[in-house]
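Peer 1: Quick one: this structure, given as structure tokens, is what I'll be asking you about.
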Amino acid sequence: MAGNLDTARFRVILSHQLKVPIDKTETFVLGSHGDTMVPIVSKTFIDGRPLRGMMHKDMVDRMIKITKSRGGQIVALLKSGSAYFSPSAACLEILKAVVNDEKKIIPCSCVLDGEYGLADCAIGVPAKIGKEGIEEIVEWELTPEETEALKNSARQMKEMVAL
């Protein structure tokens, strides 16, 4: 659910910053839910056009930083408890994909066995979701930077689990 939630947050930030309707944004956030999340800029499109050619890297990096801090900002604003609306919406999207056998690609935590060069860890990656749940882990060609960031996210997740 976390990858789906972080993806939704990144889409909202893209929509606001670029002043486009959210349904004109397409992107995915992989990795863990936290500071090592990996927004996949190479798979980010605004109204069908690649984000990379639309704005300077500094602006993209700023939006990624905002995305990474958004959950903490929400918790700070609530002062007690945690975010609940967006996580509920993210869960609902996954549930609808299962119930309606949508075969929809949604970023979610999957146990990896060699995909993306990773094994023995559960981390957010694109998965085809249908009536059987995770029906396929979808492997995209990522940039070297995205690949390294995903591996770093997995390393940190393994270290946290080992504690």
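FYI, it's all coordinate maths here, none of it is from the lab. Predicted model, so just to flag it, every value in this text is computed and none were measured. Neighbour counts run over all protein chains shown; Cβ positions are idealised from the backbone, glycine included.
Peer 1: If each residue's Cβ is checked for other Cβ atoms within 10 Å, how do 118, 112 rank with the fewest at the top?
Peer 2: On the way: 118 21, 112 18.
Final ranking by Cβ density, sparse to dense: 112, 118.
Peer 1: Something else now. What whole-number distance in Å separates the alpha-carbon centres of the range 115-145 and the range 91-114?
Peer 2: About 10 Å separates the Cα centre of the range 115-145 from the one of the range 91-114.
Peer 1: Another one. Of 64, 107, 18, whose Cα points farthest to the positive end of the dipole of the chain (charges on the beta-carbon: +1 Lys, Arg; -1 Asp, Glu; origin at the Cα centre)?
Peer 2: Comparing the listed Cα positions along the dipole, 18 ranks first.
Peer 1: In deg cm²/dmol, rounded to 500, what helix-only [θ] at 222 nm does the chain give when every DSSP H run of at least 4 residues adds -39500 (n - 2.57) and the total is split over its residues?
Peer 2: Working: 4 runs with 73 residues, N = 163.
Taken over the chain, the calculation gives -15000 deg cm²/dmol.
Peer 1: While we're on this one: What percent do you get for the relative contact order of the range 2-162 when only Cα pairs under 8 Å and 6+ apart count? Before the final figure, lay out the partial values.
Peer 2: On the way: 256 pairs, mean separation 38.2, N = 161.
With pairs under 8 Å counted, the relative contact order is 24 percent.
Peer 1: To the nearest 20 Debye, how big is the dipole of the chain about its Cα centre, given +1 on the beta carbon of each Lys and Arg and -1 on that of each Asp and Glu?
Peer 2: Its charge dipole is roughly 780 debye.
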